[in-house]
Amino acid sequence: MLRKVLLLSCLLLLTSPAFAIPPPDVVASLWQAILQMIGIASVFLAGAWVAARQFLSQHAPILKRKIVFIPILIVLLILSILAISPLFAAAANEPIKGELLPIETVIQREKDTWVRDWKLKTVHEMENEARLTRAAKQLPVVQYQTIQSFTPKALQELLTTRAKDVYVLDIREAMELSKFSIRHDAVFRYGDLVQDLLPNDLPKDRLIVVLCHSGLRGYMGAQFLKHAGFEQVAFLQGGLAEWNKQGLPVNGRADFKVKAPVQPSKKEALAMDAYKVQVDPAGTATMSIPNVVQLPYETASTADLQPVLAVSKTKPVLIVCKEYGGCFQGLNLIWLIEQQGGKVAGLYDQTGQHLRGLIN
């Protein structure tokens with residue numbers, strides 16, 4: 001009976017290397033290293049066991065095998081543990097590496113054709129918008145480069161197995177954060193990162209994973225952190241939308257639809273006595289509305305938003321937009337104004353189409 005148990009244990013150990021195949025996006029994960037070590041140890045133990053058994057069978061047949069083999073096996077196990085324990089410690093401190101893929105390759109994994117095409121178009125628009133904003137602020141040009149990234153499941157594994165080595169930075173807007181989130185260490189606006197404004201006490205000895213909704217702001221935010229000198233940066237593939245789609249745990253409810261704001265017609269918008277702000281991306285042509293103020297909301301810093309917030313305390317603000325991204329950011333600005341006790345006159349969508357999927 002004992003022999004069968006020992007044989008079964010050796011067979012189980014021998015199969016361990018089969019589970020040591022690394023996940024595609026966590027090349028140096030702790031589990032990979034540990035399982036590889038177990039595989040090596042199992043081969044060593046099995047070989048030593050067979051060799052010891054053959055030796056004793058030939059040269060010490062009179063000894064009772066159980067009395068001899070069990071102490072030998074215990075000694076071998078102790079020696080193996082002592083031999084590989086430094087490797088376990090080294091694996092625990094090994095740098096975390098994600099997939100190092102061009103953003104276009106990451107986007108191609110998107111299953112929905114419309115979303116995939118939209119992201120491929122939008123990511124390059126965002127790169128250009130950031131360039132324009134930085135140029136207007138006389139900031140140096142950022143050379144965009146390939147940034148490592150993680151799938152939702154790979155990030156969840158890291159947060160479970162190596163949480164102390166990962167720093168999660170959520171760069172969504174306040175309205176988005178109010179809807180749902182996952183475990184994070186800090187929140188910070190994307191627009192501030194675009195303008196080289198950084199969170200306090202951002203660590204350089206941990207992997208910083210940047211979160212957003214679609215994965216695009218996360219990718220761009222990681223670019224600006226890389227430019228600022230943070231070498232260990234990454235983003236979440238597909239963003240929190242993909243995280244939620246895969247059924248991974250969230251705090252709150254992943255539903256971005258908000259209460260419909262007042263939506264005036266063009267004639268009503270022109271006639272309104274309000275502070276009018278166009279929030280479309282940088283580089284977008286100004287709408288044909290007199291006295292409209294250009295404020296590219298997504299790449300605007302928190303300081304850039306303060307004049308609008310201050311005006312809203314005494315005069316209603318009319319948000320105007322003609323791009324999908326601008327209309328979405330308009331809802332973010334409305335939420336921010338209302339949270340700070342300001343007045344909103346409404347949101348004028350020039351197309352009349354963009355708000356349909358964003359409001360209740």
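The values are calculated or read from the model by the stated rules, or taken from the named source; none is laboratory data. Note that the coordinates shown come from a computational prediction; the quantities given were computed from them, not determined experimentally. Counting neighbours? That spans all protein chains shown, and the Cβs are built from the backbone with ideal geometry, glycine included. Just the protein is used for accessible areas: all its heavy atoms, side chains included, with ligands, DNA and RNA removed. Shrake-Rupley method; radii C 1.70, N 1.55, O 1.52, S 1.80 Å.
Ligands, DNA and RNA aside, Ile74 has an accessible area near 90 Å² when probed at 1.4 Å. The gain in end-to-end length when the Asp205 to Glu231 segment is fully stretched comes to 8.4 nm, 0.36 nm per residue minus the alpha carbon separation.
Per-residue accessible area (protein heavy atoms, 1.4 Å probe) orders Ser312, Ser178 as Ser178, Ser312, starting from the largest.
A straight Cα-to-Cα reach below 27 Å connects Lys111 with the lysines Lys97, Lys119, Lys121, Lys153, Lys179, Lys245, Lys257, residues fewer than 8 places away in its own chain not being considered.
Residues in the range 173-190 carry Karplus couplings, in order, of 6, 4, 4, 5, 4, 5, 7, 6, 7, 10, 4, 9, 9, 7, 10, 6, 6, 4 Hz; the curve used is 6.51 cos²θ - 1.76 cosθ + 1.60 with θ = phi - 60°, and Gly or Pro positions show x.
In the assembled protein chains, Thr133 presents an accessible area of approximately 20 Å² (probe radius 1.4 Å). Computed over protein heavy atoms with a 1.4 Å probe, the accessible surface of the range 86-165 works out to 57 Å² per residue.
Each 5 Å bin from zero holds the following percent of Cα-Cα pairs in the range 206-301: 3, 11, 13, 14, 15, 13, 12, 10, 6, 2, 0. Between the listed residues Ala234, Gly252, Phe224, the Cα displaced farthest toward the positive end of the dipole of the range 220-267, a dipole computed from Cβ unit charges relative to the Cα centre, is found at Gly252. Placing pseudo-labels 7 Å out from each Cα toward the beta carbon at Ala135 and Arg356 gives an inter-label distance of 3.5 nm.
Around the amide H of Val262, modelled in the peptide plane, lie the amide H atoms of Leu347, all under 5 Å away and 5 or more residues distant in sequence or on another chain. Applying a DSSP loop filter and a limit of 11 other Cβ atoms within 10 Å to the trypsin sites (Lys or Arg not before Pro) in the range 142-225 leaves Lys204. Short-range pairs are left out: with C-alpha atoms under 8 Å and at least six residues apart, the relative contact order of the range 126-227 is 34 percent. One Cα centroid belongs to the range 227-295, the other to the range 300-360; the line between them spans 8 Å.
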